[in-house]
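The values are calculated or read from the model by the stated rules, or taken from the named source; none is laboratory data. Predicted model only: the values in this text are computed from it and were never measured. Glycine gets a Cβ as well: all are built from the backbone with ideal geometry, and neighbour counts include every protein chain shown. When the accessible area is computed, the model is the full protein with side chains, heavy atoms only, and any ligands, DNA or RNA have been set aside. Shrake-Rupley method; radii C 1.70, N 1.55, O 1.52, S 1.80 Å.
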Amino acid sequence: MKRWIVTGLMCWALPAAAAVQQFQLDNGLKVIVQEDHRAPIVVSQLWYRAGSMDEFNGTTGLAHMLEHLMFKGTKAVPDGQFSKLIAAAGGRENAFTTTDYTVYFEQLQKDRLELAFKLEADRMQNLTLSADDFVKENQVVREERRMRTDDQPQARVYEDMMSVAFQEHPYRRPVIGWMNDLEHMTVDDARGWYQRWYAPNNATLVVVGDVNADVVKDLAARYFGVVPAKTLPDRKIQIEPVQTGIKRVNVKAPAKVPYLLMGYHVPVLHDAEHDWEPYALEVLAGVLDGNEAARLGRIVVREQGVATQAGASYDLVARGPGMFMLDGTPAQGKTVADLETALRAQVQSIIQNGVNPDELKRVKAQVIAANVYQRDSTFYQAMLLGEYVTDGLPVSAVADHVARVQAISAAQVQAVAQKYLIDDALTIATLDPQPLTDKQPPQLPVAGSRHLN
Amino acid sequence: MRIWTVILGLCVSALAHAGLPIQHWQLANGAQVYFVESHALPMLDVSVDFPAGSAYDPAAKAGLAALTHRMLDQGAGGLSDNQIASGLADVGAQLSGRFDADRAGVTLRTLSHAEERHAALSLLTKVLDQPAFAAPVVDREKLRVIAALRESEGQPASLAARAFQSAVFANHPYAHRETGEIENVSKLTAPDLQDFYRTHYSAAGAVVALMGDITRQQADTIALQLTGALPSAAMAASTAIPPVPDLSAGVMRTIPFPAKQSQILIGQPGVARGAPDYYALYVGNYILGGGGFDSRLMNEVRQKRGLAYSVYSYFMPMQQAGAFQIGLQTRTDQTEQALQVVRQTLADFLANGVTEDELTQAKNNIIGGFPLRIDSNREILEYLAVIGFYHLPLTYLDDFPQHVAEVTAEQIKAAFARHIHPDKMVTVVVGAAVAGK
């Protein structure tokens, strides 16, 4: 154990909040424990700092493909047994991959945590990765891409917007991967990825629940402590060149209703102690879309009737560059151009006139309350801790969030709007709905259909 | 379970077994109150549900119940939609709705500190008791509902769900989409909504659930405040929903759609809440298609053949028999193969039942995972509301593991034989234009 740090997580209005404890094994595995004794359960999340942004061109989707293969077995725990063992213990398990990381989790009764550690430590170093399993699972992933992206027009708009908004940074590539890359992926690609990134010194273990931190520490050392560290490859710093003009992309797809997605390049949190712009951008998103009476819903949807739905979003925590997004669905008789004009007018209004004190106070009240509400979910608490740490931020930044947002002034909100929500940093993507009947798939016989009506 | 309070912990020690300490009482106005006290977090979750779902839509007015529900917070008690929304946000409260064929409900999450709690509950009271249904706002929201309905007509998954629902429930009130149809919604008027509200939102039908940082006395006061000015029970419409008839023949619906995958839904009417066979069907369905990677459908369709990312089955018990449904998506040229695999898997399951190993695995997961189902205030509130709305016993949650433990392989086989009839199955395919239609 290299260090044992105790970080207070005492928050406004919260009684007896448990301290977050963190330590690191000699092999580099970071472990974060938050005791939460409300219910006799525990959540364990293992965060690998390997997401789609670590992939290379031609093998996009590899991080996510490996996530699937991680359930395909080791010598000690053959194919299918991981899920079976967790299920038999009354647990739930799953995993997810993003641009920034790949996360494996288990939710269990509190006394079954050891099983999760045993299984995760095993597949951290002993994955079988057979060619047969790869071929079958690759088909599943292609189906997943068809389901999540190819047949979802709005997902295709997002995919195209990202690929246009980013010229150099790997955020331009979809997490699920391009279909062509999935089709040409091999088991050796997967083996290479596993060798490269699956190591204790590239991972963070987050445990939240009805546990004792000292016991978790001993368990983690016992099961993960034996996994050898690896020399991690260099991560090249990839800085997106400054955008110097508005970009537009249009997607044609079968649909009934158009859609508009706009994204501005903005910063994310790097220095949790000194950065303030990300907090101001978060407040700005709240002023536009933080509640039912926020500007986009009140003005663009309900007063002007330009859209049936309009939103704003911004995530201040990311390994790569940030994006402030606006989106919406035009009302009948309105075009995506009308909606673009209306949304940009809302942006201009804040650039020119700022935000009023009531709006600011409202957004802050919501952040304070949300900080209490999030305590109702052990899973979400673990998510926050894992995300911050994997993206390179200190654990204390999670607890400091409320205070940092409270400190943001109306002038700072206006200042980030003026600085970042500018046309030169803007990408606009639109969905151009195509008729649903223009290209019929071939007629296929379906067994058993003839004797039915 | 330390999520429950010390005081109630003392009560529990006097009982034969430790359980969720649900307090239940009825108000003089007829409202049913369900309450679990917990001071672990300074917050309160409240829900109020009414038998006012889409099954109560009058003929030719499909969508009336949903629009009435949607309009509750769009102006009430002299406040505009924006005043209600900003008032809630000012105290960090979150108001949301839930709506299905049986139920129309409103949920509120608020800090329990007196100032925030009083402000939030005062707004919720107005929303429940004095909705305005102002004509211009009704017209505005109609347009948004119609836009969403139109959008869904371009989405293959929505098209499949709609075709499935209409084929499974035929002429029953469960057959139409919860938000209605464009031609019906476009004709709805403010007086229609007023009328539906007056006849379906009485205190006598209300179920109030409260979970969190208040006392029993406060819970009683809050329940009374929320329901005190609801429409009189004298005007209340019948809450009866007719039984769902069995299908008389199989149905095959195919809808061509230019997509990469076919959406496949297979099923028929299942069972109602409280059905005697429910636990056997629930445990059996875990093995058939409810238990993720423990299930046969997942094993046959995805693990062995890579035909789909997602494949599942479920029973959705409602006041009357809700649907039994199997669902998956697959590349269009694999549609036939996937259908064959699913039908064969179901046929084997019905013919041969489950193995003892499968049954043990299912029980271990369902019983061992029970604490995960009630590990948050939000989940407990959901259970309180369901127990109240469907008149389930207060010991429903406590008894759940025992009921599951008692299920036998024979019971599963017999229960599926009683309820699932492969010769009268609805099959919907959206995507590949299949033969036979």
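Restricted to region B:337-364, and to residues there that are facing chain A (nearest Cβ under 10 Å) and within 12 Å of B:S295 (Cα to Cα), the residue that is surrounded by the most Cβ atoms within 10 Å (Cβ to Cβ) is B:A362.
Which one is most open to solvent (accessible area, probe 1.4 Å) among residues in region A:270-284 that are touching a Phe, Trp or Tyr at 6+ places or on another chain (Cβ under 9 Å), of a type in the set (A, V, I, L, M) and within 19 Å of A:V398 (Cβ to Cβ)? Even if it seems obvious, please write down each step before you answer.
As a first pass, look at region A:270-284 and keep what is touching a Phe, Trp or Tyr at 6+ places or on another chain (Cβ under 9 Å): A:272, A:277-278, A:281-282, A:284.
Within this subset, residues satisfying the condition of being of a type in the set (A, V, I, L, M) are A:272, A:281, A:284.
The next check asks that each one be within 19 Å of A:V398 (Cβ to Cβ); those that pass are A:272, A:281.
Working: A:A272: 20, A:L281: 0 Å².
Ranking the candidates gives A:A272 first.
Kindly establish whether A:A369 is of a type outside the set (S, T, Y), in contact with a strand residue (DSSP E or B) (Cβ under 6 Å, 6 or more places away or on another chain) and within 14 Å of chain B (Cβ to nearest Cβ).
yes
A single entry from A:E137, A:E143, A:E168, A:E183 fulfils the requirement of being surrounded by fewer than 18 Cβ atoms within 10 Å (Cβ to Cβ), of a type outside the set (S, T, Y), under 24 Å from A:D79 (Cα atoms) and out of contact with any Ser or Thr (no Cβ under 6 Å at 6 or more places or on another chain): A:E183.
Let's see how each residue does on (1) free of Cβ contacts under 8 Å to residues at least 60 places away in the same chain; (2) assigned by TED's automatic domain parsing to the domain that holds B:G77; (3) within 30 Å of A:T149 (Cα to Cα):
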site: B:L121; (1), (2), (3): no, yes, no
site: B:A135; (1), (2), (3): yes, yes, no
site: B:E153; (1), (2), (3): yes, yes, yes
site: B:A157; (1), (2), (3): no, yes, yes
site: B:E181; (1), (2), (3): no, yes, yes
site: B:S186; (1), (2), (3): yes, yes, no
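Could you grab me the full set of residues in region A:60-76 that are surrounded by 20 or more Cβ atoms within 10 Å (Cβ to Cβ) and assigned to a loop (DSSP other than H, G, I, E, B)? Of everything in region A:60-76, those that are surrounded by 20 or more Cβ atoms within 10 Å (Cβ to Cβ) and assigned to a loop (DSSP other than H, G, I, E, B) turn out to be A:T60, A:G61, A:M70, A:F71, A:K72, A:G73.
Within region A:357-366, the set of residues being more than 7 Å from every other protein chain (Cβ to nearest Cβ) and surrounded by 22 or more Cβ atoms within 10 Å (Cβ to Cβ) comprises A:E359, A:V363.
When residues of region B:281-303 are filtered for being away from chain A (no Cβ under 11 Å) and either open to solvent by 10 Å² or more (accessible area, probe 1.4 Å) or touching a strand residue (DSSP E or B) at 6+ places or on another chain (Cβ under 8 Å) (or both), how many remain? Steps first, please.
Taking region B:281-303 first, the residues away from chain A (no Cβ under 11 Å) are B:281-285, B:287-290, B:296-297, B:300.
Pick out the ones that are also either open to solvent by 10 Å² or more (accessible area, probe 1.4 Å) or touching a strand residue (DSSP E or B) at 6+ places or on another chain (Cβ under 8 Å) (or both) and you get B:281-282, B:285, B:288-290, B:296-297, B:300.
Looking only at that region, the number is 9.
Within region A:186-208, the set of residues being open to solvent by less than 10 Å² (accessible area, probe 1.4 Å) and farther than 23 Å from A:D391 by Cβ comprises A:A190 only.
Give region B:387-398 a look and list any residue that's in a helix (DSSP H, G or I) and touching a residue at least 40 places away in the same chain (Cβ under 8 Å), or say none. Reasoning before the result, please.
First pass over region B:387-398, keeping only residues in a helix (DSSP H, G or I): B:387-389, B:396-398.
Answer for region B:387-398, where residues must be in a helix (DSSP H, G or I) and touching a residue at least 40 places away in the same chain (Cβ under 8 Å): B:I387, B:G388, B:F389, B:L397, B:D398.
Among B:Q325, B:Q329, which is the only one that is buried (at least 23 other Cβ atoms within 10 Å of the Cβ) and either within 13 Å of chain A (Cβ to nearest Cβ) or in a strand (DSSP E or B) (or both)? From the options B:Q325, B:Q329, the qualifying one is B:Q329.
Against the list (1) open to solvent by less than 30 Å² (accessible area, probe 1.4 Å); (2) of a type outside the set (V, I, T); (3) free of Cβ contacts under 8 Å to residues at least 40 places away in the same chain, the condition A:D218 fails is (1). The residues listed here are B:A351, B:A308, B:A321; of these, the one that is under 21 Å from the mean Cα position of the chain (by Cα) and either more than 22 Å from B:R273 (Cα to Cα) or of a type in the set (G, A, S) (or both) is B:A321.
A quick yes/no check of all residues on (1) at pLDDT below 95; (2) of a type outside the set (D, E, K, R); (3) part of a helix (DSSP H, G or I):
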position: A:A95; (1), (2), (3): no, yes, no
position: A:E106; (1), (2), (3): no, no, no
position: A:R123; (1), (2), (3): no, no, yes
position: A:E144; (1), (2), (3): no, no, yes
position: A:T149; (1), (2), (3): no, yes, yes
position: A:D160; (1), (2), (3): no, no, yes
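Once region B:57-73 is narrowed to residues that are out of contact with any His (no Cβ under 6 Å at 6 or more places or on another chain) and hydrophobic (A, V, I, L, M, F, W, C), the residue that is surrounded by the most Cβ atoms within 10 Å (Cβ to Cβ) is B:A65.
Criterion first (hydrophobic (A, V, I, L, M, F, W, C), assigned by TED's automatic domain parsing to the domain that holds B:S166, under 28 Å from B:D57 (Cα atoms) and at pLDDT 95 or above) does B:V244 satisfy it?
Working: hydrophobic (A, V, I, L, M, F, W, C): yes; assigned by TED's automatic domain parsing to the domain that holds B:S166: no; under 28 Å from B:D57 (Cα atoms): yes; at pLDDT 95 or above: yes.
Against the criterion (hydrophobic (A, V, I, L, M, F, W, C), assigned by TED's automatic domain parsing to the domain that holds B:S166, under 28 Å from B:D57 (Cα atoms) and at pLDDT 95 or above), B:V244 does not qualify.
To keep it simple, each residue is scored yes or no on (1) within 21 Å of the chain's Cα centre (by Cα); (2) among the small types (G, A, S); (3) part of a helix (DSSP H, G or I).
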position: B:L226; (1), (2), (3): no, no, yes
position: B:S262; (1), (2), (3): no, yes, no
position: B:Y282; (1), (2), (3): yes, no, yes
position: B:N285; (1), (2), (3): yes, no, yes
position: B:G289; (1), (2), (3): yes, yes, yes
position: B:F293; (1), (2), (3): no, no, yes
position: B:V301; (1), (2), (3): no, no, yes
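From the list A:Y223, A:Y314, pick out the single residue that is touching a residue at least 40 places away in the same chain (Cβ under 8 Å), more than 14 Å from chain B (Cβ to nearest Cβ) and within 22 Å of A:A397 (Cβ to Cβ). Explain how you work it out, then say what you get.
Working: A:Y223 fails: within 22 Å of A:A397 (Cβ to Cβ).
One residue alone meets the criteria, A:Y314.
Annotation: of all residues in region B:86-106 being within 11 Å of chain A (Cβ to nearest Cβ) and part of a strand (DSSP E or B), the one that is surrounded by the most Cβ atoms within 10 Å (Cβ to Cβ) is B:L95.
Looking at region B:107-174, what helices (runs of 4 or more DSSP H) fall wholly within it and have at least 3 residues that are basic (K, R) and within 11 Å of another protein chain (Cβ to nearest Cβ)? Can you show your working first?
On the way: elements: B:114-129, B:135-152, B:156-169.
Of the helices (runs of 4 or more DSSP H) lying wholly inside region B:107-174, those with at least 3 residues that are basic (K, R) and within 11 Å of another protein chain (Cβ to nearest Cβ) span B:135-152.
To keep it simple, each residue is scored yes or no on (1) under 29 Å from the mean Cα position of the chain (by Cα); (2) away from every other protein chain (no Cβ under 14 Å).
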residue: A:E282; (1), (2): yes, yes
residue: A:G286; (1), (2): yes, no
residue: A:A293; (1), (2): yes, no
residue: A:V301; (1), (2): yes, no
residue: A:A318; (1), (2): yes, yes
residue: A:F324; (1), (2): yes, yes
residue: A:N353; (1), (2): no, yes
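Across region A:113-126, the number of residues qualifying as open to solvent by 20 Å² or more (accessible area, probe 1.4 Å) and touching a residue at least 40 places away in the same chain (Cβ under 8 Å) comes to 5.
Yes/no per residue for (1) open to solvent by less than 30 Å² (accessible area, probe 1.4 Å); (2) over 19 Å from A:A417 (Cα atoms):
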| site | (1), (2) |
| --- | --- |
| A:A337 | no, yes |
| A:T341 | no, no |
| A:I351 | yes, no |
| A:G354 | yes, no |
| A:Q374 | no, yes |
| A:T390 | yes, yes |
| A:V402 | yes, yes |
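In this structure, does A:Y420 turn out to be under 26 Å from A:G263 (Cα atoms), touching a strand residue (DSSP E or B) at 6+ places or on another chain (Cβ under 8 Å), more than 14 Å from every other protein chain (Cβ to nearest Cβ) and at pLDDT 95 or above? Judged against the criteria, A:Y420 is a match. Being touching a residue at least 24 places away in the same chain (Cβ under 8 Å), among the aliphatic types (A, V, I, L, M), within 30 Å of A:H37 (Cα to Cα) and out of contact with any helix residue (DSSP H, G or I) (no Cβ under 7 Å at 6 or more places or on another chain) is the requirement here; does A:A199 meet it? Answer is no for this residue.
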